[in-house]
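The values are calculated or read from the model by the stated rules, or taken from the named source; none is laboratory data. As the structure is a prediction and not an experimental result, all values here were calculated from the model. All Cβ positions, glycine included, derive from the backbone under ideal geometry; neighbour counts span all protein chains shown.
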Amino acid sequence: MSQPEPDKKYWRKWYWGLMLFLLAQILLYAWITNLYQS
Amino acid sequence: MSAIDWVVLFGTLGLIVAYGSWKTRKNKNLESYLKGNNAENWMTIGLSIMATQASAITFLSTPGQAYESGMGFVQFYFGLPLAMVIISTFFLPIYYRLKVYTAYQYLEDRFDSKVRSFTAFLFLMSRGLAAGITIYAPAIILSTLLEWNLQLTCLLIGLLVIIYTVSGGSRAVSLTQKWQMAVIMVGMFFAFYYVLDSFPTDVDFSKGVDIAGQLGKMNIIDTSFDVSNRYTIWSGLFGGLFLFLSYFGTDQSQVQRYLGGKSLKASRMGLMMNGILKIPMQFFILLIGVMVFVSFQYNKPPIVFNQGTIISAKIDQKRLEPISAKYDIVHGYKRYLLSQPSVNEDPKLMQTANIMQGLQSDLRDTYKAEVVAMDPDYEKKDADYIFLHFVLTFLPAGLIGLLLAVIFSAAMSSTAGELNALASTTTIDFYRKYWARPDTNEKKDLKISRWLTVGWGILAILVALTAGLVENLIELVNILGSLFYGTILGVFLVAFFFKRVGSTSVLIAAIIGQVLILTLHLLSVIDVIELSYLHYNIIASVVVILTSMLIESLTNQIKTQE
């Protein structure tokens, strides 16, 4: 590991971003499901 | 298959194998052979992680699954992003700090050599056979539809993988996986284009989605708490989390991929890439399957897709003809209904189409039951054949070769990852630890590692060649994997999160957990209890954690009393 590693804050942004992206996908899929539920 | 398909197929595979072997020809020491000299950037790691997980059966089965049951399977991957975050935060820094070759080495540092060897042994048990199935499962489908020799197909995949895995080690595996993944993605985009191209001129993508939705194929999210329902949002989020934690965090075939990273940051980025792309990628593959379903509303599908596996000598065609004739009539009428311009606005038309859909599916079942009555060896599950049948029927010459290269690339990339991991674990966790002589050196260890890769490769090919003899071997191997995964994850979770628990407690707990899972499995085989093997992961992990804590506190109490 030659370069210094980014700090915790840097990764926290990634993790939250990833979780939000997951939530957005679930919501999109729920919306599509709802669209075709009679 | 035309000549151009053969050229594309062997050209693509040959180039990738040659590239992997050439680029890594200077591998001189064990570090570079097992960890690729820590040279991989984040993108190579990310693609390599995805390529290891995506086996050929992913690309054959997933569209077939969507064709039959719709898009719900995507929920299975919902636990994956959170698993990536947990591994990035807790697992990765420790593996990096200790500079381990295998995940199990860490367990010796945290507990003792017994726990390490026990866990490494469980890994070898579950992965050793699985490598053979990674070769066999696509080979049986390819050989049926293309009328190739099954044994030769298995040998071809196995030998190609051995060539570059033995010569170039971990780095060759990662480098070739990068290109295999590129071939896979390009091939799947072409497939998607040609599925849409097979629709009638007045049906476009959005009308296709609409028809699929009205025929019940766009039910993606299932919020019910029904345990018998395999894919719900809950089983995906919770069951998936445990499964992917054990697969990505403790299975050496994945750990080895990200341990080859340039830095901790590169490895984390690789995992993040997998967390971002995995669900959309699975969604896309499922969508291809649903679009194939739409295409077969207009183009007549065969009544079963694995017609080639039916032994005609055993079959009395007269018993099957009336069912086929009815099937054709029902399909023709449904096609007529769906071709009406007002179909999307007229609920009555759609309702009738749905009834026809149900009838068609019943006729398929009746046909299969009739075939089984005459030929008991016939495999009723034909979903795995649907996608390849479509490719062979609707794709132009040249692209069929490319799609076959996709299947081969996927089979080779996951087999390579497995062989590489099996050899590393045997070398590091067993050979170097127990059998190596004190005067051993890097050169000798490298040689041993190479021979072990050859050995595991030959074993995988032998399993693939004999797999047809064992009934339901694929399921057996899947179950075998689930039987050990939970215990392995349990040991790792205790190691990371329960610092007070010592080695004796965790070893006893792991043995108890393993015996319990084997007992539960036995009980469900003889129908005493009803339990899907998908739940073994959570049960074993939780049992290992709780039992080890209980044993630890009991022994502490006894010690203080003394």
Considering each residue of the range B:260-310, count those that are within 14 Å of another protein chain (Cβ to nearest Cβ), in a helix (DSSP H, G or I) and of a type in the set (Ser, Thr, Tyr), and give that number. 1
In the range B:70-92, anything more than 9 Å from chain A (Cβ to nearest Cβ) and within 16 Å of A:Lys8 (Cα to Cα) is listed as B:Ile86, B:Ile87, B:Phe90, B:Phe91, B:Leu92
Total residues in the range B:1-24, condition farther than 13 Å from B:Leu404 by Cα, of a type in the set (Phe, Trp, Tyr) and loosely packed, with under 15 Cβ neighbours inside 10 Å: 1
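If I filter the range B:530-550 for residues that are surrounded by 12 or more Cβ atoms within 10 Å (Cβ to Cβ), outside any helix (DSSP H, G or I) and touching a helix residue (DSSP H, G or I) at 6+ places or on another chain (Cβ under 8 Å), do I get at least one hit?
For the range B:530-550, residues surrounded by 12 or more Cβ atoms within 10 Å (Cβ to Cβ), outside any helix (DSSP H, G or I) and touching a helix residue (DSSP H, G or I) at 6+ places or on another chain (Cβ under 8 Å): present.
Does B:Leu145 satisfy being at pLDDT below 90, under 19 Å from B:Ala51 (Cα atoms) and either surrounded by fewer than 21 Cβ atoms within 10 Å (Cβ to Cβ) or not hydroxyl-bearing (Ser, Thr, Tyr) (or both)?
Judged against the criteria, B:Leu145 is not a match.
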Flagged in the range B:91-119 as assigned to a helix (DSSP H, G or I), under 17 Å from B:Arg257 (Cα atoms) and either in contact with a Cys (Cβ under 8 Å, 6 or more places away or on another chain) or touching a residue at least 60 places away in the same chain (Cβ under 8 Å) (or both), in numbering order, are B:Phe91, B:Leu92, B:Pro93, B:Ile94, B:Tyr95, B:Tyr96, B:Ala103, B:Tyr104, B:Gln105, B:Tyr106
Could you please find all residues in the range B:185-244 being closer than 30 Å to B:Met84 by Cα, away from chain A (no Cβ under 14 Å), not in a helix (DSSP H, G or I) and not aromatic (Phe, Trp, Tyr)? B:Asp226, B:Val227, B:Ser228, B:Asn229, B:Arg230
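Condition first: over 12 Å from B:Lys207 (Cβ atoms) and assigned to a loop (DSSP other than H, G, I, E, B). Now tell me which residues in the range B:343-355 satisfy that. Outline the logic, then answer.
We begin by selecting, within the range B:343-355, every residue over 12 Å from B:Lys207 (Cβ atoms); these are B:346-355.
Hit for the range B:343-355 is B:Asp346, nothing else.
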Pairs, please: C-beta under 6 Å, at least 6 apart or cross-chain, first residue at the interface with chain B (Cβ under 7 Å from one of its Cβ atoms) and in the range A:19-38, second of a type in the set (Val, Ile, Thr)? A:Gln25/B:Ile279; A:Tyr29/B:Ile220; A:Tyr29/B:Ile221; A:Ala30/B:Ile221; A:Ile32/B:Ile220; A:Thr33/B:Ile220; A:Thr33/B:Ile221
